[in-house]
Amino acid sequence: MKTTDGPDQTSPRRRRRPRGAAPAATPPEIRLSGDATVRGMAIGPVMLVLESPAPDIDAAARSDNPEHELERLGEAIERSVRQIERLRDRLAILPEDGQIEIGSLLEVYRRMLGPSRLQRGIHERIVRDGRTAELAVREETESLAQALLRDGAEIGGEDAAAAQRRAGEFREIGQRLVRNLGRTPFRSFSAMPAGTVLVAEQLRPADAALIDPSRIVAVATEEGGSTDHTAIMLRALGIPTVLAAHGLTAHARDGATMVVDGTTGHVVIDPSAETLEAARRGVADHARERQALGRLRRLPARLSSGEKLQLQANLELPAELPLIAQSGASGIGLLRTEFLFMNAATMPDEDRQAAIYAEIIGTMAGDTTTIRVVDWGGEKHSEALERAGLNQEGDTINPALGMRGLRLLLRYPAVLETQFAAILKASVAGPVRVMLPMVTVVPELREAREIYHRVARRLRRKGVQLGDTLPPLGIMVETPAAAIMGDALAQEAEFLAIGTNDLTMYTLAVDRGSAEVAPLYHPLHPAVLRLIQAATEAALRQYRPISLCGEIAGDPRVVPLLIGLGLRSFSMTASAVPRVKKVVRALSFEDCRRLAHRVMEASDVTEVTGLIDDFAAGT
Ligand code: PEP
Ligand code: MG
């Protein structure tokens, strides 16, 4: 969230009035609403940045000189790579969160411009179909984008949003290549005076990478949506943003004063004196809220009644590490290692994995890192893993119930052995725990433990120094079977972590990725809550550490209930840590326990949500 105030930014730009002319009437304020994308409020003069028209591509054009087209394509790729590198060089001026988001996106672009499927497709269209380079680029990027959108629409939910983002990446890189093929200039944000509100029809993610957050106080666009990549990046930059404010470019003029309220999604052009006054108060309120959350980072996560909690972060990409440090999280409660196997043709070998884990563990400076071995399977496919022998074929009917998680690793133990060995080697860098995904029966855990010890013995024989005791080996509780068998599993697992994302899916028989059944997906369903309670109590009876690392761990409304059920450790997306900490510091254990008691008597989700909402309103 970004806030700003200051005299220059709040007064409309004055235009000179000819002598003797009547004073111009103050234009009435215009209110528009759009997607509230990045929290915060800002006031400033508008700078309209309209898109220069995209180059026309003749769909009928053919070339009988494919070598020449390939050469032009090669040059356009080189120019695009250089531009991406220049954008990367500019990252240092951005706040840390922005560096992470934009850095990862630029990496995606760079990979697409490398020897990728995209490049192979464009080449084929030039050589096989006699297309011009421009047409080949447009057809190939569009066909990849369309395929993603189709798949995304079928799967629905968060996957649909991810597919949309990825489709946008293909289109973005396609437009960049076409502009570079025709040497059409890109629009520039470099001449923007400090304090400007940037108004555009649409912002591409690469445009967001050009924004200097010390000059631009807010962003408002006519198109776009709050889950696309541009939105994610503006969020990382902390610039108050409203996207999809229809009618914006028709009403906004250069220099007009604009209020952007990224919390409510409102945009006001030529605000009245009262609107301006209210907006100034909003700016000050947001500045205070931001400061307060920042101060929380250093405060302990403790209930008002004294009990200490552990608030950790989930990590999906190493690039998120600085965010974790900023959030005040006390360790990584779930390191999803799938990133190592994504977009890769070959598996990273033992030493490469060990180096990556050691770097992450070292960065956590004494706080524990919980590494989950790869949770692959179901609808997710990895070329690297398939080449390494993990064949998931045959699981097309019910992939979520087929070969996935630990059962897949046990069928193809070489991948598991390599990962165990890499984690063990890296464990000299700091405290680490090893976690197994999708456990359903005790023998699976035993088999994995045998492999773990065998790998450790092999390493020791080879002279690798490991500590006297190996890092704890624990399990995820993501299936009703694991929750119900918590007692038996807790006897053999050294720690447990409840994964409510999958636990909800398997308990309610509702696919977590399906838009069609999304209204039935309720992590607060009493059946799920009973399983959370059963697993927690089972672990506590055996004195085993237990945490919760599904999405609900980052919801400040739900955490009091989870504390009341006996949980003390939560792992969540890094940005949620300060907000959860703020709420828990005001809670007493007795209040949480009473809430849990009432909730566990409820028989449906509406009753549960009513109780937790009432509790939140009263705290
Ligand atoms: C879960 O299932 O709750 C979980 C944390 O694992 P993932 O979201 O990676 O499946
Ligand atoms: Mg899971």
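The values are calculated or read from the model by the stated rules, or taken from the named source; none is laboratory data. Every value quoted in this text rests on a predicted model; they were computed, and no experiment measured them. All Cβ positions, glycine included, derive from the backbone under ideal geometry; neighbour counts span all protein chains shown. The accessibility values were calculated without ligands, DNA or RNA, using every heavy atom of the protein model including side chains. Shrake-Rupley method; radii C 1.70, N 1.55, O 1.52, S 1.80 Å.
Laid out as a table, the results:
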read-out	value
Residue in region 401-427 that is most open to solvent (accessible area, probe 1.4 Å), counting only those that are of a type in the set (Val, Ile, Thr) and at pLDDT 95 or above	418
Residues located in region 286-306, provided they are at pLDDT 90 or above and in contact with a strand residue (DSSP E or B) (Cβ under 9 Å, 6 or more places away or on another chain)	300, 301, 302
Within region 349-372, tally of residues that are assigned to a loop (DSSP other than H, G, I, E, B) and at negative phi	4
Restricting region 546-560 to residues that are open to solvent by less than 10 Å² (accessible area, probe 1.4 Å) and aliphatic (A, V, I, L, M), the residue that is farthest from ligand 1 (Cβ to nearest atom)	559
Within region 406-484, helices (runs of 4 or more DSSP H) holding 1 or more residues that are assigned by TED's automatic domain parsing to the domain that holds residue 335 and of a type in the set (Asp, Glu)	413-426, 442-461
Test: residue in region 467-476 that is open to solvent by 10 Å² or more (accessible area, probe 1.4 Å), in contact with a helix residue (DSSP H, G or I) (Cβ under 6 Å, 6 or more places away or on another chain) and modelled with pLDDT of 95 or more	yes
Of all residues in region 503-538 being away from ligand 1 (no atom under 16 Å from the Cβ) and within 25 Å of the chain's Cα centre (by Cα), the one that is farthest from residue 563 (Cα to Cα)	516
Residue 500 vs. criteria within 13 Å of ligand 2 (Cβ to nearest atom) and under 19 Å from residue 561 (Cα atoms)	yes
Odd one out for residue 249 among (1) more than 30 Å from residue 111 (Cα to Cα); (2) crowded, with 24+ Cβ neighbours inside 10 Å	(2)
Count - residues of region 497-531 that are on the phi < 0 side of the Ramachandran plot and part of a loop (DSSP other than H, G, I, E, B)	14
For residue 531: the one exception among (1) within 16 Å of ligand 2 (Cβ to nearest atom); (2) within 19 Å of residue 404 (Cβ to Cβ)	(2)
Condition broken by residue 567, with the remaining ones in (1) more than 16 Å from ligand 2 (Cβ to nearest atom); (2) open to solvent by 40 Å² or more (accessible area, probe 1.4 Å); (3) of a type outside the set (Phe, Trp, Tyr) satisfied	(2)
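A quick yes/no check of all residues on (1) within 16 Å of ligand 2 (Cβ to nearest atom); (2) more than 19 Å from residue 575 (Cβ to Cβ); (3) open to solvent by less than 10 Å² (accessible area, probe 1.4 Å):
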position	(1), (2), (3)
280	no, yes, no
286	no, no, no
289	no, no, no
299	no, no, no
310	no, no, no
313	no, no, yes
324	no, no, yes
330	no, no, no
347	no, yes, no
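Conditions tested, residue by residue: (1) farther than 17 Å from residue 614 by Cβ; (2) touching a Lys or Arg at 6+ places or on another chain (Cβ under 9 Å); (3) basic (Lys, Arg).
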residue	(1), (2), (3)
553	yes, no, no
558	no, no, no
563	no, yes, no
568	yes, yes, yes
573	yes, no, no
579	yes, no, yes
583	no, yes, no
588	no, no, no
591	no, no, no
